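Enquirer: Let me give you the structure first, and then I'll get to my questions.
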Amino acid sequence: MSKLSFRTPSIVKETANLFPIFVSLLLLCAAIAAQSSPNEQLPAGAAKETAEAACLTCHEARIIVQQRLTKAAWIKEVDKMTKWGAEVDPKDRDALVDYFSANFGPDQPIYVAPQTGAASASKIRTARQKREAHANPAASNQN
């Protein structure tokens, strides 16, 4: 009887050696993704829990906090999302619109995404200039 011998291809051995590194990177990415910046969380307010229950089942808070809509636009947005399946009790609708309007209206400072360690000084400077121009449009028109 002949003895059969199987050799593991070298690619399998090399891939097996990389597996622990791959798993470590995957876990690190998941941990980073799970952490959210404080400016990517909904602020305290009377309808925060309603907003979290109605909106964060489908969206990240970042989708909301970057908006700068008028009250009329928030009414349309809440009504649209309700038609698309967001569960908002009709008695909570006005409070939810008021919460969004107060926290994410056009009078609020523009949203600036959290900066990573690799962000350049010019990107930070540009964001600061945009914020200042938004806060004081008359001064930016003088240039």
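Enquirer: Taking segment 99-143, which residues are outside any helix (DSSP H, G or I) and either hydrophobic (A, V, I, L, M, F, W, C) or modelled with pLDDT under 70 (or both)?
Expert: Across segment 99-143, the qualifying residues are F104, I110, V112, A113, T116, G117, A118, A119, S120, N136, Q142, N143.
Enquirer: What is the one condition in (1) over 18 Å from the mean Cα position of the chain (by Cα); (2) in contact (Cβ under 8 Å) with a residue 12 or more places away in the chain that K83 does not satisfy?
Expert: Failing condition for K83: (2).
Enquirer: Restricting to segment 42-65, what's the tally of residues that are small (G, A, S) and either touching a Gly at 6+ places or on another chain (Cβ under 7 Å) or closer than 18 Å to D79 by Cβ (or both)? Spell out the reasoning first.
Expert: Residues of segment 42-65 small (G, A, S): 44-47, 51, 53-54, 61.
After this cut, where a residue has to be either touching a Gly at 6+ places or on another chain (Cβ under 7 Å) or closer than 18 Å to D79 by Cβ (or both) as well, the list is 47, 51, 53-54.
Residues in segment 42-65 being small (G, A, S) and either touching a Gly at 6+ places or on another chain (Cβ under 7 Å) or closer than 18 Å to D79 by Cβ (or both): 4 in total.
The values are calculated or read from the model by the stated rules, or taken from the named source; none is laboratory data. The shown structure was predicted, so the numbers you read here are calculated from the model rather than taken from an experiment. When we count neighbours, we look across all protein chains shown, and the Cβ atoms used for this are built from the backbone with ideal geometry, even at glycine.
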